[in-house]
Structure formats: structure tokens, C-alpha cells
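**Student:** Below you will find the structure I want to go over with you.
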Amino acid sequence: EITYADDGHKELVEIIKAPMYTQDGKLIGILGVAHDITERKQHEVFSEFQARRAGASLELPRAAESMDEASFIQRGLEIMEDLTGSRVSFLHFIADDEKSVEASTFSKRTLAEYQPLESTHHHPVAKSGAFAATLDQHEPLLINDCAKRPDAADLPAGFPKLKRVISLPIIEKGKVVVVA
């Protein structure tokens, strides 16, 4: 059961109820004991996520040995979606000049929901929303509410509308080669 503490935050409470009887069997009330299990539930959720992440970390190297490149990329995108609870994932392959997206690869789930996407070859990074910041800074970026950052969702026509963004640069020899 969810309850609210005096300070307004949510708590998960486990309530145990037991009837109370007199010696002759007459019901006189119900005894209830409540126990805050919020921290335990948070720990369970975190532990489950850690286990899924560890499983993905073990799966990817094995998949790399047995899959062709396109299948491997698709599997990686599926894993990203599963771990983040997202319905959209894609990779931007960055041109050598680091100023344009050479190509993009979308997960099968993204393509199924947002078909047809306009060609994404050779568009300027400046039209890649939050991903442009990842490229410029060479650092991961997390945006939990794109509505509060209009530049975050500034993507070429045909791209899905984004609510949240996790953007990661893949750096090789000091240059960003892929933005996930």
C-alpha cells in the first residue's frame, strides 16, 4: 500500500491485520501493524536493474563473436531499450569532421513505430538536438524532460519526438565516432 509521510513523500507500507477475539469468541476489533518497506523495495528494484545490466554486459561480448555487425548493433539497441524502458533507440555515426551525421541506425522497435523516417544521411550535427551537445562536450548527457529544453528535441523531420534523452559518445582516438 502506498501512503504519504508527514513531510509529503510517498512510502510503501506493508500492513498486517489480524482479528482480535474475546475468550468466548466475540470479535472485538482488528489489530493492525504497519511497516515501512520503501527502502527494501528500492533496494530490490536497484538489485534487479543491476542484475539485468550485468546480464547485458555478459551477453554483448558473446554476441559480438557470433553475430554480423548489423545484427550486433540491433541487439545492442534492444538491450539499451530494455535497460532504460525506452521505445526509441538509435545511433548517429559521425563524419570525420565531427560536424555532420554520416548515417543513423535505428532499432527495429523504433522503425516499427516511426516508419518511414526521413533519410538521416549527412545532416548537420547542429540539427541533432541533445546529441549535438554530447558531440561538442565529448561527455554523456542526460535530460529527463525535453519539454524544458527545446534544443534537446530539435531533430530532423521524421525523428520520433523525445521526452527524455540519454546520449553517450563513443570516442576513438580523441574523436567522437558514434553518438548513442
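**Student:** Report the FRET efficiency, 1/(1 + (r/R0)^6), for Lys163 and Lys17, where r is their Cβ-Cβ distance and R0 is 45 Å, rounded to 0.05.
**Tutor:** Numbers: r = 40 Å, r/R0 = 0.89.
So the FRET efficiency works out to roughly 0.65.
**Student:** Multiplying the sequence separation of Asp145 and Leu31 by 0.36 nm and subtracting their Cα-Cα distance, what value in nm do you get? The partial results should precede the final answer.
**Tutor:** On the way: separation 114, 0.36 × 114 = 41.04 nm, distance 4.46 nm.
Residue separation times 0.36 nm, minus the Cα-Cα distance, leaves 36.6 nm.
**Student:** Given H placed on each backbone N at 1.01 Å, which residues far from Ser100 in sequence or on other chains put an amide H within less than 5 Å of it?
**Tutor:** Ala95, Val125
**Student:** Another question, then. Quick one: ranking Glu139, Glu11 by accessible area, 1.4 Å probe, largest first, what do you get? Before the final figure, lay out the partial values.
**Tutor:** On the way: Glu139 105, Glu11 45 Å².
Descending order: Glu139, Glu11.
**Student:** Scattering from the C-alpha atoms of region 41-96 alone, worked out with Debye: what is log10 I(q)/I(0) at q = 0.21, 0.22, 0.29 1/Å?
**Tutor:** -0.87, -0.91, -1.15
**Student:** Leaving out ligands, DNA and RNA, and with a 1.4 Å probe, what % of the accessible surface on region 1-98 is carbon or sulfur?
**Tutor:** Numbers: 4030 of 7220 Å².
Heavy-atom surface of region 1-98 belonging to carbon and sulfur, 1.4 Å probe: 56 percent.
**Student:** Could you list, in their original order, any pairs among Lys10/Lys108; Lys108/Lys173; Lys41/Lys161; Lys41/Lys108; Lys99/Lys148 whose Cα atoms are separated by more than 28 Å? Write down the numbers at each step before the final one.
**Tutor:** On the way: Lys10/Lys108 37 Å; Lys108/Lys173 30 Å; Lys41/Lys161 32 Å; Lys41/Lys108 33 Å; Lys99/Lys148 25 Å.
Result: Lys10/Lys108; Lys108/Lys173; Lys41/Lys161; Lys41/Lys108 exceed 28 Å.
**Student:** Could you state how much accessible area Lys26 has, in square angstrom rounded to the nearest 10, with a 1.4 Å probe and all protein chains kept in place?
**Tutor:** Roll a 1.4 Å probe over it and Lys26 shows about 130 Å².
The values are calculated or read from the model by the stated rules, or taken from the named source; none is laboratory data. Please read these numbers as outputs of a predicted model, since none were measured by experiment. Positions of Cβ are generated from backbone atoms using ideal geometry, with glycine treated the same way; all protein chains shown enter the neighbour counts. Remember, those area values only see protein heavy atoms, side chains included, never the ligands or the DNA or RNA. Shrake-Rupley method; radii C 1.70, N 1.55, O 1.52, S 1.80 Å.
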